[in-house]
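Nothing in this text is a laboratory measurement; each read-out follows from the coordinates by a stated rule. Keep in mind the model is a prediction, meaning the values are calculated, not measured. Note: ideal-geometry Cβ built from the backbone for every residue, glycine included; neighbour counts use all protein chains shown.
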Amino acid sequence: MTQQQSAARYAKALLDVAIAEADPQQVDEQLAAVAGLFAGHTDLWRTVTNPAVPSPKKRAIVDEMLPKLGLSPVLQKTLQMLATRDRLALLPDLAEAYRSRLMDHLNVVRASVTSAVPLAADKTQQLQKELEKLTGRTVVMTAATDPAIIGGVVTQIGSTVYDGSIKRQLEKLKEQLTGN
């Protein structure tokens, strides 16, 4: 089983417990913060992911950190379990998988929108409403600019890309004219 698959299983279980016993969004924020904390301290990260360090030592490190972090009991138990099972290396993937599952649970989808120039606020809101109609979900949008697309908008939702850029239209026209 790959690390992402393992993380997905832990994320599913954590979300199920968080829905029943805690605030799932708070758990998401705390989990991301803990993953960031470990990633930001390379010596700590190397220690808790080193196979030569015994699991009881890793558990002791986690137990010592928990009171200082003020985490929800659900997340505390999860971190203790990961330390005991020597699975703390899953934290970054777990945080990502948990957020993805939480967004699905909340019926929210992420969209990234790229335009040649920054979009006006009213255009951004209009585009967001159209994407919500298209997906049937609440859309959380991030916007970026890329002058290379010349004009129009490129929108990505998950693995689906809606390319309405002038650059792409010109490429299609070129393909038609050259017969490719």
**Item:** About the Cα centre, charge dipole magnitude for the chain (Lys/Arg +1, Asp/Glu -1 at Cβ), debye
**Value:** 300
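What number, rounded to the nearest 500 deg cm²/dmol, is the helix-based mean residue ellipticity at 222 nm of the chain, given -39500 (n - 2.57) per DSSP H run of at least four residues and division by all its residues?
Details: 8 runs with 114 residues, N = 180.
Helices in the chain give a 222 nm mean residue ellipticity of -20500 deg cm²/dmol.
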**Fill in**
Scalar couplings 3J(HN,Hα) for region 8-20 by Karplus 6.51 cos²θ - 1.76 cosθ + 1.60 (θ = phi - 60°), nearest whole Hz, x for Gly and Pro, are 5, 5, 5, 5, 4, 5, 4, 5, 4, 5, 5, 5, 7
**Asked** For the peptides 12-25, 77-90, what is the packing order when you average, over each peptide's residues, the other Cβ atoms within 10 Å and list the highest mean first?
**Response** 77-90, 12-25
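What FRET efficiency do you get for Ile61 and Val117 if R0 is 45 Å and r is their Cβ-Cβ distance, rounded to the nearest 0.05? Each step should come with its number before you reach the end.
Values: r = 49 Å, r/R0 = 1.10.
E between Ile61 and Val117, to the nearest 0.05, is 0.35.
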**Message:** Quick check: Cα centre of region 39-100 to Cα centre of region 117-167, how many Å?
**Reply:** 37
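May I ask for the percentage of alpha-carbon pairs in the chain that lie more than 30 Å from each other? Please list the in-between numbers first.
On the way: 6436 of 16110 pairs.
Across the chain, Cα pairs with separations above 30 Å total 40 percent.
Quick check on region 3-104: take the gyration tensor over C-alpha atoms, sort the square-rooted eigenvalues as a ≥ b ≥ c, and tell me if it's rounded (a/c under 1.5), prolate or oblate. Write out the running numbers ahead of the final one.
Values: a/c = 1.74, a/b = 1.47, b/c = 1.18.
Since a/c reaches 1.5 and a/b is larger than b/c, the shape of region 3-104 is classed as prolate.
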